[in-house]
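Take a look at the structure set out below.
The values are calculated or read from the model by the stated rules, or taken from the named source; none is laboratory data. Small disclaimer: the values here were computed from a predicted structure and weren't measured. As a convention, Cβ positions derive from the backbone with ideal geometry for all residues, glycine included, and neighbour counts pool all protein chains shown. Quick note on the areas: whole protein, heavy atoms, side chains included, nothing else; ligands and nucleic acids left out. Shrake-Rupley method; radii C 1.70, N 1.55, O 1.52, S 1.80 Å.
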Amino acid sequence: MQRFVPLTIARHWALRKKFLVVCHRQTAAMSTLLINQPKYSWLKELGLHEENDGVYNGTWGGKGEVVTSYCPANNEPIARVRQATMAEYEETVQKAKEAWKIWADIPAPKRGEIVRQIGDALRRKIKVLGSLVSLEMGKIYVEGVGEVQEYVDVCDYAVGLSRMIGGPVLPSERPGHALIEQWNPVGLVGIITAFNFPVAVYGWNNAIALICGNVCLWKGAPTTPLTSVAVTKIVAEVLEQNNLPGAICSMTCGGADIGSSMAKDERVDLVSFTGSTHVGKMVSLMVQERFGRQLLELGGNNAIVVFEDADLNLVVPSAVFAAVGTAGQRCTTTRRLLLHESIHDEVVERISKAYKQVRIGDPWDPNTLYGPLHTKQAVEQYKAAIEQAKQQGGTVVCGGQEMDRPGNYVEPTIITGLAHNAPIVHTETFVPILYVLKFKMEEEAFAWNNEVKQGLSSSIFTKDMGRVFRWLGPKGSDCGIVNVNIPTSGAEIGGAFGGEKHTGGGRESGSDSWKQYMRRSTCTINYSKDLPLAQGIKFE
């Protein structure tokens with residue numbers, strides 16, 4: 001026993017020393033987080049800390065993997081988030097389903113009032129939340145604020161919609177009968193969003209789903225978890241102030257395990273997925289296997305078509321904004337520029353000159369027009385695409401290089417000389433590369449627009465009204481967004497947003513997109529004392 005005591009003491013001091021070293025390392029690591037630097041102290045206005053709970057279902061939690069969020073402009077760590085475990089996912093779904101029983105009983109205009117309050121809460125935080133989007137996603141500050149504004153605008157739209165949704169009373173062919181459409185909420189809407197719009201896409205879905213009487217479960221992108229947490233804190237505060245279950249707007253941060261669970265879970269009545277076509281296809285198959293409902297907003301290989309009569313003073317800024325904005329990381333980014341042969345050289349020269357004047361810098365600098373790519377992986381995809389384009393006959397006339405500075409910066413790039421059906425032209429690469437193609441006839445330009453697998457956004461520039469209506473008609477663009485004399489990007493919230501073919505076919509935001517979040521019943525009511533059958537059938 002006498003030998004045991006000193007061994008025990010020695011082991012105790014060894015363990016204590018090890019503990020102190022670990023604590024020192026953790027403290028040192030914490031001190032390198034941007035959130036602890038005075039320059040970024042504003043992050044705490046959003047309720048963020050060094051380490052944040054990544055689960056919300058009325059209470060906050062997170063017992064899963066701890067992930068670090070990095071700033072794309074310098075690749076420095078911002079803060080950390082504890083993701084959901086599968087047990088926490090299960091608990092969250094159960095709480096959301098229980099919360100729906102309360103939410104569905106609230107009249108739609110009253111639900112609209114809650115959404116109005118969410119919009120007002122976002123307004124109060126719009127600048128600081130926009131700054132977080134800029135810091136964590138990498139888009140420039142004005143775009144970050146604009147993205148939060150989209151959520152606010154959709155809330156305003158949804159408030160009015162809450163007093164308008166419903167079906168028609170239809171004329172019945174039978175006397176003493178009424179024929180009506182009844183619309184009811186689907187229940188639990190699972191919302192899986194992408195890194196490039198970490199606020200707006202959730203907002204489009206959330207605001208409309210809520211006024212329709214649904215509850216929501218959100219899984220944001222694994223690389224923008226701080227934005228998911230910050231938005232959820234704002235929404236949760238509104239719910240709690242109104243004595244409503246927080247699980248009405250639940251959140252589970254996580255990776256593919258959480259996303260797959262949502263896709264396979266029969267309790268999730270609608271899965272709204274925004275992301276790549278590759279992942280969207282996998283999600284679609286999982287949902288379809290259980291005959292579930294899905295809303296897909298996937299890739300876009302979008303084209304601007306410029307005819308010989310176009311106003312080039314509109315074309316040049318439109319093409320630059322649509323191709324360079326958000327560093328080419330919008331689903332509506334222009335990736336193909338189809339130019340009539342008579343104006344090809346002039347437009348390329350003017351756009352190349354404009355590219356060289358794009359102010360590149362820190363995304364939160366108000367003077368910056370172009371920030372970094374979101375990840376190092378995207379930088380590698382950019383470099384690989386340029387090499388493929390060269391191998392397939394393309395010529396880099398502007399840009400083409402990774403930039404020698406901290407962060408994930410690449411030069412916005414223009415490539416000419418490729419065939420319209422070159423493999424790289426038909427590949428959506430989520431980077432700022434613009435492929436410029438030369439055409440002769442209207443028919444081939446329309447055909448080239450439609451020959452890619454995606455069908456999200458498209459635009460022509462022309463003054464020929466006959467051509468405009470041919471473009472809008474059955475033999476024109478096959479995309480979900482068909483524009484004239486404006487860019488492919490920058491959609492308004494009042495219209496339905498989404499595309500055809502490999503873009504997924506879903507519609508979000510305005511017009512009658514609310515129908516995606518509800519189920520329709522056709523109801524026949526007999527208020528007579530007779531029982532006439534439809535189509536005049538006699539069964540006596």
Revision key, fill the gap. In the set K139, K63, the lone residue that is assigned to a loop (DSSP other than H, G, I, E, B) and surrounded by 19 or more Cβ atoms within 10 Å (Cβ to Cβ) is K139
Revision key, fill the gap. Of the residues in the range 495-527 that are open to solvent by 40 Å² or more (accessible area, probe 1.4 Å) and in a loop (DSSP other than H, G, I, E, B), the one that is farthest from H426 (Cα to Cα) is Y527
Exercise for review: For the range 76-89, name all the residues that are surrounded by 15 or more Cβ atoms within 10 Å (Cβ to Cβ) and assigned to a helix (DSSP H, G or I).
Suggested key: E88, Y89
**Study point:** Matching residues, the range 47-60, being out of contact with any Gly (no Cβ under 8 Å at 6 or more places or on another chain), open to solvent by 10 Å² or more (accessible area, probe 1.4 Å) and on the phi < 0 side of the Ramachandran plot
**Key:** H49, E50, E51, W60
Practice item. Return yes when L314 is among the aliphatic types (A, V, I, L, M), within 26 Å of F461 (Cβ to Cβ), in contact (Cβ under 8 Å) with a residue 40 or more places away in the chain and in contact with a Lys or Arg (Cβ under 8 Å, 6 or more places away or on another chain) and no when it is not. Key: no
Practice item. From S459, S489, S477, grab the single residue that is among the small types (G, A, S), buried (at least 20 other Cβ atoms within 10 Å of the Cβ) and under 29 Å from A73 (Cβ atoms). Key: S489
Review point. Here are some residues: I415, I433, I424. Which one is β-branched (V, I, T), under 22 Å from the mean Cα position of the chain (by Cα) and either open to solvent by less than 50 Å² (accessible area, probe 1.4 Å) or under 28 Å from E346 (Cβ atoms) (or both)?
Key: I433
Check your understanding: Are any of the residues in the range 351-361 open to solvent by less than 10 Å² (accessible area, probe 1.4 Å), under 28 Å from V133 (Cα atoms) and not in a helix (DSSP H, G or I)?
Key -> yes
Revision key, fill the gap. Within the range 186-217, the residues that are crowded, with 24+ Cβ neighbours inside 10 Å and aromatic (F, W, Y) are F197, Y202, W204
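Going by the conditions given, is A73 in contact with a strand residue (DSSP E or B) (Cβ under 8 Å, 6 or more places away or on another chain), open to solvent by less than 60 Å² (accessible area, probe 1.4 Å) and farther than 18 Å from A209 by Cα?
Here the answer is no, as A73 does not meet what is asked.
Somewhere in the range 367-388, is a residue more than 22 Å from F197 (Cα to Cα), in contact with a Phe, Trp or Tyr (Cβ under 8 Å, 6 or more places away or on another chain) and at pLDDT 95 or above?
No, that holds for no residue.
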Check your understanding: When residues of the range 477-498 are filtered for being in contact with a Lys or Arg (Cβ under 7 Å, 6 or more places away or on another chain) and among the small types (G, A, S), how many remain?
Key -> 3
**Study point:** Output for the range 235-274, where each listed residue is open to solvent by 20 Å² or more (accessible area, probe 1.4 Å), outside any helix (DSSP H, G or I) and within 20 Å of I118 (Cβ to Cβ)
**Key:** N242, N243, L244, P245
Review point. Is it the case that some residue within the range 393-403 is at pLDDT below 95, under 24 Å from F195 (Cα atoms) and not charged (D, E, K, R)?
Key: no
Check your understanding: Going by the conditions given, is G166 open to solvent by 10 Å² or more (accessible area, probe 1.4 Å) and at pLDDT below 95?
Key -> yes
Check your understanding: Before we move on, is T8 closer than 30 Å to C249 by Cα and either open to solvent by 70 Å² or more (accessible area, probe 1.4 Å) or at pLDDT below 95 (or both)?
Key -> no
Review point. Would you pick out the residues in the range 324-350 that are more than 22 Å from N421 (Cβ to Cβ), assigned to a helix (DSSP H, G or I) and open to solvent by less than 20 Å² (accessible area, probe 1.4 Å)?
Key: V324, G325, T326, A327
